[in-house]
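Novice: Sharing a structure, written as structure tokens. Questions coming.
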Amino acid sequence: MLNRTKSEKVFAIFNYLILSFAAFACLLPLLNVLAISFSSSAAAAAGYVKLWPVDFTLASYKYALGKSEFIRSFWVSVRRVMMGYAVNMIMTISVAYPLSKEKDTFRARNVYAWFFIITMMFSGGLIPTFMTVKSLGLLDSLWALVLPGAVPIFNVILLMNFFRGIPKEIEEAAYIDGATHWTTLFRIYLPLSLPSLATISLFVLVGHWNGWFDGMIYMNRPRNWPLQTYLRTILISPDVTNYQTSSEELAGMRQVSERTFKAAQVFLAAAPILAVYPFLQKYFMKGLVVGSVKG
């Protein structure tokens, strides 16, 4: 028993060391970008900045927040996240609840379940999807970024399995008291499913906030680009001064470099998700594991 305890301690220490190293390795790029964003243009251009700012300055952030294109794209992404979150969660809950029922309760359950599973394995393709969005007149609108992914099937499966893990006796007791399906859903299922809902919420928020490709193909005018599409454009641009439109902006560019300016915008784009994640993290693993293994 003593040897087993020692081996478990050694194994735990080894795991902590490996995971700490992996976490630090993942954190290094973010720390480097953050340090560059707070450094002077000369220090960044000379390559002196590693994990700590050199010649600390907020000039890059002031310049980035003064860019009308950045603010406009940021606001497009905020509206996309709000609309997309509402649509995704409503559709996910509406689909997962009936699919969580047994076949004797919902006879067409297997038909709908296979219908949704097939859509996970086979998509309609990029061109047919684009033609559908265009024929519906959704180009250059936020709905083009929201409706094509309105029903995320992976999230539906997670929530459906979590619903199926809720004891049936609770639902039966509610029905005996006269509760309807809507009452059971909102008073029993959803309050008991907070871990799964938090996990799905994180997936939805990150997915909409980080989405860039759909903005590039569905938005014809740059003023309608979401933030990640705008950032991709400036990050692959060989010269950030292509985006200058006034003498004031050119004067501001003398205080920052292309590298510090892009680093500041990248970190500003990542900050909202970094701020939300700690509040959902405690539910994340529980919701993901339980929603994946329940039958």
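The values are calculated or read from the model by the stated rules, or taken from the named source; none is laboratory data. Every value quoted in this text rests on a predicted model; they were computed, and no experiment measured them. Quick reminder, even Gly has a Cβ in these numbers, built from the backbone with ideal geometry, and neighbours come from all protein chains shown.
Novice: How many of the residues making up region 1-44 are within 24 Å of K262 (Cβ to Cβ) and more than 32 Å from the chain's Cα centre (by Cα)?
Specialist: 2
Novice: Output the qualifying pairs, or none if there are none: Cβ atoms under 9 angstrom, residues six or more apart or on different chains, first residue in region 118-137 and at negative phi and hydrophobic (A, V, I, L, M, F, W, C), second residue assigned to a loop (DSSP other than H, G, I, E, B) and at pLDDT 90 or above.
Specialist: Cβ pairs passing all conditions: F130/L139; V133/L139.
Novice: Turning to a different aspect of this structure: Just give me the residues in region 31-42 being modelled with pLDDT of 85 or more and of a type in the set (A, V, I, L, M), in sequence order.
Specialist: Selection gives L31, V33, L34, A35, I36.
Novice: Ok, one more. Determine the pairs where a residue that is touching a residue at least 60 places away in the same chain (Cβ under 8 Å) and more than 23 Å from N155 (Cβ to Cβ), located within region 203-224, has a partner that is of a type in the set (D, E, K, R) and surrounded by fewer than 19 Cβ atoms within 10 Å (Cβ to Cβ) with Cβ atoms under 7 Å apart, the partner being 6 or more residues away or on another chain.
Specialist: Filtered contacts from region 203-224: M219/D140; N220/D140; R221/D140; R223/R72; N224/D140.
Novice: Consider only pairs whose beta carbons are under 8 Å apart and that are at least six residues apart or on different chains; among these, list those whose first residue lies in region 184-202 and is buried (at least 19 other Cβ atoms within 10 Å of the Cβ) and whose second residue is outside any helix (DSSP H, G or I) and of a type in the set (A, V, I, L, M).
Specialist: Between residues of region 184-202 that are buried (at least 19 other Cβ atoms within 10 Å of the Cβ) and residues that are outside any helix (DSSP H, G or I) and of a type in the set (A, V, I, L, M), the close pairs are Y189/I166; S193/I166.
Novice: If I filter region 48-62 for residues that are modelled with pLDDT of 85 or more, under 24 Å from the mean Cα position of the chain (by Cα) and surrounded by 16 or more Cβ atoms within 10 Å (Cβ to Cβ), do I get at least one hit?
Specialist: yes
Novice: Tell me, yes or no, whether region 254-272 has at least one residue that is modelled with pLDDT under 60, surrounded by fewer than 21 Cβ atoms within 10 Å (Cβ to Cβ) and more than 23 Å from the chain's Cα centre (by Cα). Write out each step before concluding.
Specialist: Quick first cut of region 254-272, residues modelled with pLDDT under 60 only: 254.
With the extra rule that they be surrounded by fewer than 21 Cβ atoms within 10 Å (Cβ to Cβ), the set shrinks to 254.
Filter once more, keeping what is more than 23 Å from the chain's Cα centre (by Cα): 254.
Within region 254-272 (the criterion being modelled with pLDDT under 60, surrounded by fewer than 21 Cβ atoms within 10 Å (Cβ to Cβ) and more than 23 Å from the chain's Cα centre (by Cα)), the answer is yes, since at least one residue qualifies.
Novice: Just checking, which of G178, G165 is farther than 27 Å from I273 by Cβ, out of contact with any Pro (no Cβ under 8 Å at 6 or more places or on another chain) and in contact (Cβ under 8 Å) with a residue 40 or more places away in the chain?
Specialist: Of the residues listed, the single one that is farther than 27 Å from I273 by Cβ, out of contact with any Pro (no Cβ under 8 Å at 6 or more places or on another chain) and in contact (Cβ under 8 Å) with a residue 40 or more places away in the chain is G165.
Novice: Residues to consider are G178, G165; find the one that is on the phi > 0 side of the Ramachandran plot and modelled with pLDDT under 90.
Specialist: Answer to the selection: G178.
Novice: Follow-up question, since we're still on this one. Can you list residue pairs whose Cβ atoms sit under 6 Å apart, with the first residue in region 256-270 being under 15 Å from D55 (Cβ atoms) and among the charged types (D, E, K, R) and the second being assigned to a helix (DSSP H, G or I) and at pLDDT below 80? Count only pairs 6 or more apart in sequence or on different chains.
Specialist: none
Novice: Might you let me know whether region 32-43 holds any residue that is outside any helix (DSSP H, G or I) and under 30 Å from I188 (Cβ atoms)?
Specialist: We begin by selecting, within region 32-43, every residue outside any helix (DSSP H, G or I); these are 38-40.
From what's left, under 30 Å from I188 (Cβ atoms): none.
Among the residues of region 32-43, not one is outside any helix (DSSP H, G or I) and under 30 Å from I188 (Cβ atoms), which makes the answer no.
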